[in-house]
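Notes follow the structure.
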Amino acid sequence: MTCLSRELRISAMQAACSSKRSVYPSSALIAAAYTFRLKCEMLDASRSRCFSGLPDNVSGDRPDEFNGVEGISAATSLPRFGPVLARFDALGSLPRPKKLPKEAGALFVASELGPKIPGLGPLRSSSRSGPSRPKEEAEKAECPICCGELGSAPEEVGALTYKGQRVERDLYHVGCFTLMLSHNGAFSVSSEPGGTHGDVPHISWGTSPTTRKPVDGFTRMPPIEDRKRWISFLDWKGTGMLDVEELATAAAVFLPLEPRAMERFMRDNFYVATSGEISVEELEHKVLPYIAEHFESVSFRKEQEARNKDKLRCELLLQQLDGNCNGVPQPRLPALQALATMTELRKLVQAGDPQAIAVLSRLLENADAEVRQQAAKFLPKIVDVGDQQAFEALTPRLQHQSPEVRQLVLEVLGQVVIRGDQRAFDEISFLLGDRNSLVKAAAVRALAQISEAGDRQAIQAVSLRLRDRDVLVRCAVVEALASLGEQDGESVRQHFLVAIADREGAVRRAAVLAVEKTSASTGQTALLMVASLVEDADSYVRQAATKCVASIISMSGDQDFRKSGLEIVIPRLDDSESEVRCVAIHGLAQISEKDDQEVIELVCSKLEDSSAPVRRAALKALEQVTASGDQNAIKAVAARLGDNDLSVRRTAELVLKQMKAKRRRPPRCFGFSLLCGRA
């Protein structure tokens, strides 16, 4: 008898573990309970006798090891065992039935016991005459896979299709169906013959999990606001008549109503045929307009409740963050909590929230560097440009004793202050004389961000730090001058000349990049400024200067100007650094004319370079400088198919295919073009 009791307990817990919805138990479990009670004649047994060997804490929250039943994992059984235990407890208190009918299948027994057993409730029934569900267990529109509410993520709801047409009435979450396919191993990758386009993904769709019909796609349900598309989605049979139950389920995804309530609403207020169907015309011209008029207030209240909930949660998170706003060193755990709180707060806080701005401003002084960094990144996202409250909260911290705090405040101010704000200009320019080089560089960048292009006052203030002893500050000054003089390069040209003559290569390189940025307004003057730097001792400077020359010349249509540029770039093809040679090849292809034999010969000579990146650059350049598929160039490229470097061989194969395609292209008939109007 003990063995039978153990088997029953094992089957009961296995049924509870396999059921995703323990509120509605397996009816077979109840039938098994009655069968066991009849066989063992234990109708008057106590709970402790029925469940001998079970630990006392089995229905509690603590996941202790479950030693009373072999073969059942405590991690999976205990969280779902409580409802099963409660139902068996209720069974023990019921009177013994006089006779179990022969037709007493699981459905009969469960329906008879449902109203009497606590926590069970009646089973679902497709019949409208069946027992109604209690209010607290009202039915929702659910995904058949996860049993979750479809309305929790309306944008993910859709239906399965086959050859572009829906195959069934059921609706799913797209994520649930994707996970089901992934779990079944439906996703695979295969390579195409030839291998030029890489791997191709394949999906083995299989059949529907509810109707077992073949499927090969998924289509999302349009929003209810798009009436035409939504009705077309529901009328998947094309009959012009919609099943009311199916329509109620689809509508409940978007509306704060249960499907059965929605169904009763339509039956009571609109014409529904005896077959349980409603016409598309009735839905479009009567039902949906009525819903749009009367459910707007309900939806508004729901949205208002959600906003109030988010607001309360936001205030709670801000209070938690406020506890981390002092400068006292704290253990790492509170810092991690602050970071996690800020991550959650990003989804809830509204732009311009004064409490959030005040709290995040104080977090800039936090002892943990990562917390300060995250607060500095967070603030510009919630502060409107020109917000005076944020300015008032941040500017006092420009005098903070910590240089890291001053730097972070400058970075935030540069993003939230409106351009041309004189007060902010005065506050920030004061820090150009700070003792810390990082703070000075941040002040220079902030001034460039809050000043208008060509602002003489800003250019003068920034250029004073061009002779600063710190390289980082001088580089920041050159970048700021490039931003301020982008529209009028002449206003900063003299300052660029000073930077070009700097003793540090990093400053000279920054000056070359600044000249390239303002070259549209300086033209030939810019070329003369950087021409000498193509022979600089620093390879990074030579690389930037060569690229700058090619860029300036490509924007000019002057033929003499182009020849001057070629004379500057061509010597760089033999530079000692491979990076410079690559840039020179790209520049040569950029500024030369098509089918220039001299240029083609120069580029072909670099196909024998010792550096693989240089050979790849030469192959790509050959495709650019040849317009009609030069025969010598094609032979030179074909020779690289046997290169010892795999990347070079692949590049040669691709370039060769493109060059041969140019040769096969038929010549354009000018007379035919005239007839077609395309001359």
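The values are calculated or read from the model by the stated rules, or taken from the named source; none is laboratory data. All values derive from a computational prediction rather than experimental measurement. When we count neighbours, we look across all protein chains shown, and the Cβ atoms used for this are built from the backbone with ideal geometry, even at glycine.
Summary table
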| quantity | calculated |
| --- | --- |
| Residue check, SER429 under 23 Å from LEU398 (Cα atoms), under 41 Å from the mean Cα position of the chain (by Cα) and of a type outside the set (Lys, Arg) | yes |
| Residue ranges of strands (runs of 3 or more DSSP E) in segment 176-275 with at least 1 members under 30 Å from the mean Cα position of the chain (by Cα) and either modelled with pLDDT under 90 or among the hydroxyl-bearing types (Ser, Thr, Tyr) (or both) | 187-191, 199-203, 217-220 |
| Residue in segment 543-550 that is charged (D, E, K, R) and within 20 Å of GLU577 (Cβ to Cβ) present | yes |
| Test: LEU410 is closer than 20 Å to LEU438 by Cβ and not in a loop (DSSP other than H, G, I, E, B) | yes |
| Matching residues in segment 447-489 - criterion: being surrounded by fewer than 22 Cβ atoms within 10 Å (Cβ to Cβ), polar (S, T, N, Q) and closer than 25 Å to GLY386 by Cβ | GLN449, GLN457, GLN460, SER483, GLN487 |
| Condition met for VAL444 (modelled with pLDDT of 90 or more, closer than 25 Å to GLN388 by Cα and of a type outside the set (Phe, Trp, Tyr)) | yes |
| Long-range neighbours under 9 Å by Cβ, at least six apart or interchain, first residue under 18 Å from TRP236 (Cα atoms) within segment 166-180, second of a type in the set (Lys, Arg) | ARG166/LYS237; VAL167/LYS213; GLU168/LYS213 |
| Residue ranges of helices (runs of 4 or more DSSP H) in segment 420-510 with at least 3 members of a type in the set (A, V, I, L, M) | 437-450, 456-463, 471-484, 493-500 |
| Selection from segment 590-603 of residues that are buried (at least 20 other Cβ atoms within 10 Å of the Cβ) and of a type outside the set (S, T, N, Q) | ILE591, VAL599, ILE600, LEU602, VAL603 |
| From GLU486, GLU411, residue being within 21 Å of ALA393 (Cα to Cα) and under 35 Å from the mean Cα position of the chain (by Cα) | GLU411 |
| Condition broken by PHE430, with the remaining ones in (1) surrounded by 19 or more Cβ atoms within 10 Å (Cβ to Cβ); (2) closer than 28 Å to ARG465 by Cβ satisfied | (1) |
| So SER605, is it within 39 Å of the chain's Cα centre (by Cα) and not β-branched (Val, Ile, Thr) | no |
